[in-house]
Each structure stands twice: as C-alpha cells, then as structure tokens.
1. If you check Leu56 against the conditions, is it open to solvent by less than 50 Å² (accessible area, probe 1.4 Å), at pLDDT 90 or above, touching a strand residue (DSSP E or B) at 6+ places or on another chain (Cβ under 9 Å) and in a helix (DSSP H, G or I)?
2. Quick one: how many residues across the stretch 87-96 are among the aromatic types (Phe, Trp, Tyr) and either touching a residue at least 40 places away in the same chain (Cβ under 8 Å) or surrounded by fewer than 19 Cβ atoms within 10 Å (Cβ to Cβ) (or both)?
3. Does at least one position in the stretch 166-189 carry a residue that is on the phi < 0 side of the Ramachandran plot, open to solvent by 50 Å² or more (accessible area, probe 1.4 Å) and not in a helix (DSSP H, G or I)?
4. Among (1) of a type in the set (Lys, Arg); (2) within 21 Å of Leu68 (Cα to Cα); (3) open to solvent by 100 Å² or more (accessible area, probe 1.4 Å), there is one condition Lys152 misses while meeting the rest; what is its number?
5. Looking at (1) open to solvent by 30 Å² or more (accessible area, probe 1.4 Å); (2) aliphatic (A, V, I, L, M); (3) outside any helix (DSSP H, G or I), which is the one condition that is false for Ala103?
6. Given the conditions (1) open to solvent by less than 40 Å² (accessible area, probe 1.4 Å); (2) touching a helix residue (DSSP H, G or I) at 6+ places or on another chain (Cβ under 9 Å); (3) at pLDDT 95 or above, report the number of the one that Leu8 does not fulfil.
7. Taking Glu115 as meeting all but one of (1) over 25 Å from Leu3 (Cβ atoms); (2) of a type in the set (Asp, Glu); (3) modelled with pLDDT of 90 or more; (4) open to solvent by 40 Å² or more (accessible area, probe 1.4 Å), write down the number of the exception.
8. Is it the case that some residue within the stretch 66-86 is among the aliphatic types (A, V, I, L, M), open to solvent by less than 50 Å² (accessible area, probe 1.4 Å) and assigned to a loop (DSSP other than H, G, I, E, B)?
Amino acid sequence: LLLIKSILDKKLPDYKVLLANCGTEGLEMAKREIPETILLDVYMPGMDGFEVCRILKSDEVTRNIPVLMISAYGQDSKVRVKGLNIGADAFIPKPYHMDELIALVNVMLRIKNAEDLLRKQNNYLETTITKLKKAEKIQKKNLTKIRKYQNKLKKLNSELILTEEKEKKAIAGYLHDGIGQTLSIAHIRLTSLRNGDLDQKTKITIDESAKLINNAINESRLL
C-alpha cells in the first residue's frame with residue numbers, strides 16, 4: 001500500500017490517494033468518498049478482491065468507478081478472466097513496472113472522465129426529451145437539435161472505444177519492446193556465463209534461470 005501510494009503521489013500529484021487495509025474498509029471508503037478509480041488487490045484479509053469488486057459493481061453508488069485489479073497471480077489467465085468477468089476494468093500482475101502502473105491508472109482516469117461526460121450528456125438529453133414530450137407542440141427545430149445531440153453522443157462513444165484500443169496497443173507494445181528486450185538481454189548475459197569455468201551446480205542454476213527468463217519472454221509476447 002505504501003509503495004503504490006508513494007508512486008501515485010509522485011506521478012499524479014493532483015490526486016489524493018486513500019488507503020484501505022481490507023475489503024470491508026475499502027467498500028465503506030468507496031461509498032463515502034466516491035473515488036475517481038480504485039486499485040484493488042485480489043488476495044486480502046477477510047473478503048477477497050473478487051467479492052469486493054462484485055459488490056462495487058452491483059452497487060448503484062459505486063458501479064461506475066473503474067476498478068484496476070492487482071495480483072501476484074495475475075499471470076494466471078483464470079485469475080484475470082475471473083476478475084474481468086466480475087466487472088474489473090483492467091488487470092495488472094505483480095511485480096509490475098512503475099510506468100505500466102501509472103499508464104493503466106491514467107487509462108482508468110480517462111475512462112471515468114469520459115463516462116462521466118457521457119452520462120451527463122445522456123441525462124441532459126433525457127431531460128430535454130421529457131420536457132419536449134410534455135409540451136403541446138414539438139417543434140421540428142428542437143427535434144433536429146436532439147438528433148444532433150444523439151449523433152454527438154454516438155460519436156463520443158465511438159471515440160471512447162478507439163481510445164481504449166489505442167491504450168491497449170500502447171501497453172502491448174511496451175510489454176513486447178520494453179520488457180521483452182530487457183529480458184532478452186538478461187538471457188544473453190546469463191547464458192554467456194555458462195561457458196566460464198564454473199562448477200556443475202552453478203551451471204545447472206544458470207540453465208534453470210535462463211529457462212525461466214526464456215519462458216517469461218515467450219509469455220510477454222503472447223500478452
């Protein structure tokens with residue numbers, strides 16, 4: 001908690017970071033504070049993150065708050081799929097890179113801002129339509145204006161989807177080009193030690209470590 005808070009305080013100084021030590025405390029805080037986004041660990045004391053996410057997304061007060069789930073078991077596709085099916089908006093595995101965490105938090109904040117704007121415009125549109133229905137005469141000019149608002153909302157929704165896709169591609173590129181290349185360099189340097197004058201136990205350890213790194217490289221390419 002303190003590590004994430006220090007990262008967010010440094011990279012997002014305009015936001016206030018609130019901490020909760022368990023799911024129950026987090027739910028109470030979410031309803032009270034209505035935060036812009038929620039970072040939620042999967043395994044916590046008492047109520048786990050899956051249950052917390054389910055309650056958040058089923059509550060009218062908190063259902064529109066984007067949830068970014070965090071877990072040391074995030075490499076397991078079953079864990080990620082379960083979180084996303086429950087209602088999480090994104091998933092990041094531990095250990096994570098600081099820049100990746102900040103990028104995902106920024107995505108959550110942009111989604112929240114765009115969705116709030118869309119809901120505000122929808123509410124305005126519904127109010128306008130209700131008033132027009134109650135009126136004795138609906139002028140053609142007003143109907144044309146409403147259709148324009150509807151088209152703007154559809155366009156905004158399309159732009160929102162495109163923005164999400166761009167963010168996903170950017171993160172995928174970072175995983176492949178950034179983390180993948182770093183792991184490849186580590187693999188090369190580690191295997192180069194194999195040719196040195198080393199005892200058998202050390203060589204076995206090097207081989208096992210190189211294999212783990214190679215597996216990580218392959219997994220990062222599949223994300």
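1. Numbers: open to solvent by less than 50 Å² (accessible area, probe 1.4 Å): yes; at pLDDT 90 or above: yes; touching a strand residue (DSSP E or B) at 6+ places or on another chain (Cβ under 9 Å): yes; in a helix (DSSP H, G or I): yes.
Yes.
2. As a first pass, look at the stretch 87-96 and keep what is among the aromatic types (Phe, Trp, Tyr): 91, 96.
From what is left, the residues that are either touching a residue at least 40 places away in the same chain (Cβ under 8 Å) or surrounded by fewer than 19 Cβ atoms within 10 Å (Cβ to Cβ) (or both) are 96.
So the count comes out to 1.
3. Looking for residues that are on the phi < 0 side of the Ramachandran plot, open to solvent by 50 Å² or more (accessible area, probe 1.4 Å) and not in a helix (DSSP H, G or I), one finds none in the stretch 166-189, hence no.
4. Just one mismatch for Lys152, condition (2).
5. (3)
6. Condition not satisfied by Leu8: (3).
7. All conditions pass for Glu115, except number (3).
8. no
The values are calculated or read from the model by the stated rules, or taken from the named source; none is laboratory data. The structure displayed is predicted, hence computed values, not measured ones. Backbone-built Cβ (ideal geometry, glycine too); neighbour counts: all protein chains shown. Only protein heavy atoms, including side chains, enter the accessible area calculation; ligands, DNA and RNA are left aside. Shrake-Rupley method; radii C 1.70, N 1.55, O 1.52, S 1.80 Å.
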